[in-house]
Each structure stands twice: as C-alpha cells, then as structure tokens.
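Enquirer: First, the structure itself, so that you have it in front of you.
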C-alpha cells in the first residue's frame with residue numbers, strides 16, 4: 001500500500017469527471033487500498049479517486065471511530081434521495097476549511113464493489129453526507145459549489161490566507 005498525493009483546490013484536475021470503472025482487477029483493489037491508507041493518514045473520513053488524480057468512479061469512506069467500517073463504492077449512482085440535513089463539511093482538498101452544506105438526509109445508492117458485484121444500499125445522516133460529498137468529486141464538483149457566491153468567496157479567501165501563512 002502507498003500514501004497517495006491529494007490534490008488541493010484550485011487544482012483544475014479536481015473538476016475532471018471520472019469515468020466508470022470497466023475492469024475489476026488487482027489494480028483496482030490496490031487503488032482502493034491505497035486510497036484507504038491515504039484517507040486514514042490525512043486524516044479524513046472519505047476520499048474520491050479524483051482527489052488523488054485517478055479519474056475513475058471509485059470512492060472510499062469510513063466514519064467509524066475505530067476505523068473498522070471501510071466502505072468502497074465503485075460506479076455509484078444515487079437512486080433515491082429523501083429528507084434534508086445541514087452538516088458542517090470539510091474536505092481533504094480544502095485543508096482546514098469547513099462550511100455548512102445542505103444535502104439529502106437519506107440516499108439509496110446502486111454501486112459495485114471492487115470485485116464488480118452490484119449492490120444497493122441506503123445511507124442516512126453523516127454517512128449519507130459523506131457519500132454525496134465524494135460522489136460530487138467524481139462528477140467534478142467540490143463542496144463549496146453548494147454555497148452561496150458570498151460564502152464561497154469568503155471561504156476561498158480564507159483558504160488562500162492559510163496557504164500564504166503556511167508558505
């Protein structure tokens with residue numbers, strides 16, 4: 001396994017739409033394992049392949065305290081959304097930046113695992129937020145796209161200020 005480099009906004013590669021995975025092989029399993037290692041080391045709770053400059057529809061997540069509930073979704077698509085929740089989101093591609101984002105409370109997803117087996121699963125609450133957030137990455141979107149222009153501008157200025165201070 002290896003820790004991969006995470007792209008940071010405003011890297012234009014974060015806007016790339018990921019392609020569906022067509023080949024389920026050892027390379028895909030290694031990608032998922034590397035993504036988990038990268039996510040845990042960051043530390044984060046979710047990571048999309050787009051964030052590590054791999055433009056395939058793969059995302060990983062683990063919101064458990066013990067880091068023992070790994071989730072891999074390949075070629076995920078939302079079948080159903082219901083409810084609404086506001087959740088403070090952060091992102092490994094926006095270090096140190098957080099904002100309240102409105103998303104569906106529950107989502108039903110169709111996806112495949114790393115073996116290519118299809119399944120459906122329902123997610124609710126914070127895990128539903130995480131899945132929607134990572135699926136946005138695979139579509140070339142970032143969480144600040146869900147904010148008003150004013151809030152987005154303020155957050156991006158804060159991000160730039162943090163970068164200058166750490167340089």
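Enquirer: Residues of the stretch 122-138 being surrounded by fewer than 14 Cβ atoms within 10 Å (Cβ to Cβ) and within 18 Å of residue 74 (Cβ to Cβ), which ones?
Expert: Matches in the stretch 122-138: 122 only.
Enquirer: Also, quick follow-up: Which residues, taken from the stretch 57-75, are touching a helix residue (DSSP H, G or I) at 6+ places or on another chain (Cβ under 7 Å), surrounded by fewer than 22 Cβ atoms within 10 Å (Cβ to Cβ) and over 11 Å from residue 35 (Cβ atoms)?
Expert: Across the stretch 57-75, the qualifying residues are 63, 67.
Enquirer: Additional query: So, residue 14, is that one within 18 Å of residue 71 (Cα to Cα) and buried (at least 19 other Cβ atoms within 10 Å of the Cβ) or not?
Expert: no
Enquirer: Then there's this: Return the pairs, sorted by first residue and then second, in which the second residue is part of a helix (DSSP H, G or I), the first residue lies in the stretch 133-150 and is at positive phi, the beta carbons are less than 7 Å apart, and the residues are 6+ apart or on different chains.
Expert: Cβ pairs passing all conditions: 140/15.
Enquirer: Of 147, 159, 92, 138, which residue is under 26 Å from residue 12 (Cβ atoms) and at pLDDT below 95?
Expert: Of 147, 159, 92, 138, the one residue that is under 26 Å from residue 12 (Cβ atoms) and at pLDDT below 95 is 159.
Enquirer: Could you list all residues from the stretch 11-29 that are over 22 Å from residue 118 (Cβ atoms), in contact with a helix residue (DSSP H, G or I) (Cβ under 8 Å, 6 or more places away or on another chain) and either free of Cβ contacts under 8 Å to residues at least 24 places away in the same chain or part of a loop (DSSP other than H, G, I, E, B) (or both)?
Expert: 16 - this is the single residue of the stretch 11-29 that is over 22 Å from residue 118 (Cβ atoms), in contact with a helix residue (DSSP H, G or I) (Cβ under 8 Å, 6 or more places away or on another chain) and either free of Cβ contacts under 8 Å to residues at least 24 places away in the same chain or part of a loop (DSSP other than H, G, I, E, B) (or both).
Enquirer: Still on this structure: If you check residue 36 against the conditions, is it touching a strand residue (DSSP E or B) at 6+ places or on another chain (Cβ under 6 Å) and assigned to a loop (DSSP other than H, G, I, E, B)?
Expert: Criteria not met by residue 36.
The values are calculated or read from the model by the stated rules, or taken from the named source; none is laboratory data. Quantities reported herein were computed from a predicted structural model and do not represent experimental measurements. Ideal geometry is used to build each Cβ from the backbone, glycine not excepted, and the neighbour counts take in all protein chains shown.
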